[in-house]
1. Evaluate the distance, in nm, between pseudo-label points positioned 7 Å from the Cα of A:A30 and of A:R45 along their respective Cα→Cβ axes.
2. At B:R119 and A:I80, where each label point lies 7 Å from the Cα along Cα→Cβ, what is the point-to-point distance in nanometres?
3. With a 10 Å cut-off between alpha carbons and a GNM built on chain B, which of B:V114, B:V244, B:V65 moves the most?
4. Per-residue mean of other chain beta-carbon atoms within 10 angstrom of the beta-carbon, peptide A:2-10?
5. How crowded by other chains is A:117-127, given as the mean number of beta carbons from other chains within 10 Å of each beta carbon?
6. Within 10 Å, count the other beta carbons around each residue, average over each peptide in A:10-18, A:103-111, A:30-38, A:42-50, and list them highest first.
7. Taking every residue in B:20-26, how many Cβ atoms of other protein chains lie within 10 Å of its Cβ, on average?
8. Once the Cβ-Cβ distance between A:A202 and B:M37 is put in as r, and R0 is 25 Å, what FRET efficiency do you end up with, to the nearest 0.05?
Amino acid sequence: MTKWLEEHMPKLVLAPSFIVVLIFVYGFIAWTAWVSLTRSRLLPRYEIDGFIQYDRLFASPRWDTAFTNLFVFGFLFIVIAMILGLILAILLDQNIRTEGAIRTIYLYPMALSMIVTGTAWKWILNPGLGLEATVRGWGFEDFTFNWLVDPDMAIYTVVIAAIWQSSGFVMALFLAGLRSVDQEIIKAAQVDGIPTWRVYTAIIIPAMAPIFLSAFIVLSHLAIKSFDLVIALTGGGPGYATDLPATYMYTMAFSRGDIGQAASSAMIMMMVVFTIVVPYLYSELRTKDD
Amino acid sequence: MTDLSYTSPRSGSRTANILLRWALYIMLGLFALFYLMPLFVMVITSFKSLDEIRTGDLISLPREVTFDAWRTAWSGACTGIQCEGVRPFFWNSVLIAIPAVLISTLIGALNGYVVAQWRFKGANLFFALMLFGCFIPFQVVLLPMARMLGLMGMAGTIPGLIFVHVIYGLGFTTLFFRNYYVSIPSELTKAAKVDGAGFFRIFWSIFLPLSLPIIVVTVIWQFTQIWNDFLFGVSFSQAGTQPVTVALNNIVNSTTGVKAYNVDMAAAIIAALPTLFVYVVAGKYFVRGLTAGSVKG
């Protein structure tokens with residue numbers, strides 16, 4: 001008996017986690033997928049009824065706004081955070097004496113809750129008392145910055161706050177990447193008299209391709225999950241101008257009592273995540289097995 | 001270090017170099033201001049009176065420092081009908097975070113140890129399934145989880161939130177320990193087995209003593225994740241069991257009464273202090289967790 005126990009101990013240790021993951025991740029995804037194919041409203045129903053919820057979803061102007069916002073927000077957030085992160089990393093990589101302190105300053109927003117970030121930026125961007133009033137107080141009477149309450153511009157305030165929070169993290173990733181590039185090649189290029197900017201564009205940045213991919217994966221994952229930030233900064237408003245799929249799903253699930261819509265919007269979110277993450281994970285796991 | 005501006009033999013004269021260095025430091029300084037500005041604004045606003053906020057501007061220092069906003073934020077601000085400040089919710093977050101961090105780290109360590117050192121058929125599949133679970137948008141499990149917590153009698157309770165955080169933290173904790181233990185030669189385990197050491201004995205006397213760095217990384221990662229969580233907190237809590245992030249959002253977005261921006265800012269700083277503190281004392285491990293979560297292998 002003890003012998004059997006000793007032999008199977010590794011499996012016994014993994015078993016609870018295995019069961020938990022099967023139920024609470026995969027079983028739950030299956031449940032949500034199933035319910036998204038029914039006419040569930042306030043309570044879940046289990047008779048499959050085709051793609052009616054998805055039809056409703058794509059006919060809804062609110063979902064249309066949320067889905068468009070995801071791409072506008074996601075695109076701007078990812079591209080600007082990557083560019084900013086790369087610039088910061090290159091600037092910091094020039095033998096800066098106070099590098100440690102500067103890095104700490106650039107990265108600290110990542111330790112904050114998105115609710116805190118949203119609260120801070122909501123105050124700064126407050127049209128009546130925040131940045132706008134401050135700049136007017138300096139004598140620029142015509143200065144206006146009311147993006148927070150402008151339905152067409154409010155989504156960009158979410159972009160600003162998200163970049164503030166995450167660009168330092170991208171910098172940290174890129175800085176690690178810059179330092180992993182083979183120094184011999186760089187020295188050789190310098191001896192050959194190749195100008196600095198060419199060393200970066202032709203040697204260092206191409207060598208960091210895997211880091212760009214990692215940063216892209218992490219940022220897109222953050223973008224799709226951005227729920228807290230919108231709730232704290234704009235509450236999805238004005239109206240539903242800054243809704244994202246995540247806030248749409250939450251509203252349907254917990255305030256509208258429309259489980260069918262909540263389930264189908266969650267499934268769409270998962271599909272967006274998977275089209276980005278699955279190829280990445282697949283290649284990661286495969287190269288590891290070699 | 002890629003010190004390109006200095007070592008390149010073709011770079012211009014000395015004065016040009018000095019100018020370039022100045023430009024570099026000025027740019028770095030401006031970016032530092034951009035990152036520090038919101039924190040600075042939060043801190044000075046929290047020390048101003050409401051009158052001064054209405055008349056002054058965003059970045060001017062308080063003429064008269066007052067701690068009233070902090071007192072109100074801690075023990076008097078209203079979150080809906082309750083007016084006890086963020087204090088009870090701060091302790092809720094502590095009560096949720098500490099057990100959830102400890103349990104998920106312990107299970108993650110054991111899982112990682114098995115996957116990395118006791119390879120058996122199916123262990124890799126298990127790891128792939130777990131890894132995949134790290135990436136799902138949690139929206140996809142919210143509805144069934146709400147029902148499951150109800151069935152288990154844990155809806156709206158602190159143990160319920162601990163449970164949820166442990167389950168959805170396991171993927172990352174397993175990943176961290178697995179990647180750490182995989183670099184420890186398996187000959188060590190084999191030799192210990194030959195000497196008659198069992199599964200737990202090897203874990204306890206060989207692996208655990210080697211694990212301090214990865215334990216720190218995992219604990220910090222999990223603590224930051226759980227403390228800063230809002231989605232699970234808002235979905236699975238009820239009045240009285242909400243974590244501090246939910247309470248903060250309720251204070252800031254409550255529509256009744258006069259908007260007290262100084263109280264909002266003080267409450268936000270209180271909610272941010274624990275993770276900021278961890279970041280300041282153990283920044284190195286925090287960054288390592290962040291990068292380990294994204295650059296695997």
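The values are calculated or read from the model by the stated rules, or taken from the named source; none is laboratory data. This one's a predicted model, so the numbers in the text were calculated from it and none came from an experiment. All Cβ positions, glycine included, derive from the backbone under ideal geometry; neighbour counts span all protein chains shown. Keep in mind that these areas ignore ligands, DNA and RNA; they rest on the heavy atoms of the full protein, side chains included. Shrake-Rupley method; radii C 1.70, N 1.55, O 1.52, S 1.80 Å.
1. Output for this residue pair reads 2.4 nm.
2. 4.7
3. Among B:V114, B:V244, B:V65, the largest GNM mean-square fluctuation belongs to B:V65.
4. Per residue, the number of nearby Cβ atoms from other chains is 3 on average.
5. Partner Cβ neighbours, averaged per residue: 6.
6. A:103-111, A:30-38, A:10-18, A:42-50
7. Mean partner-chain Cβ count within 10 Å for B:20-26: 2.
8. After rounding to 0.05, the efficiency reads 0.10.
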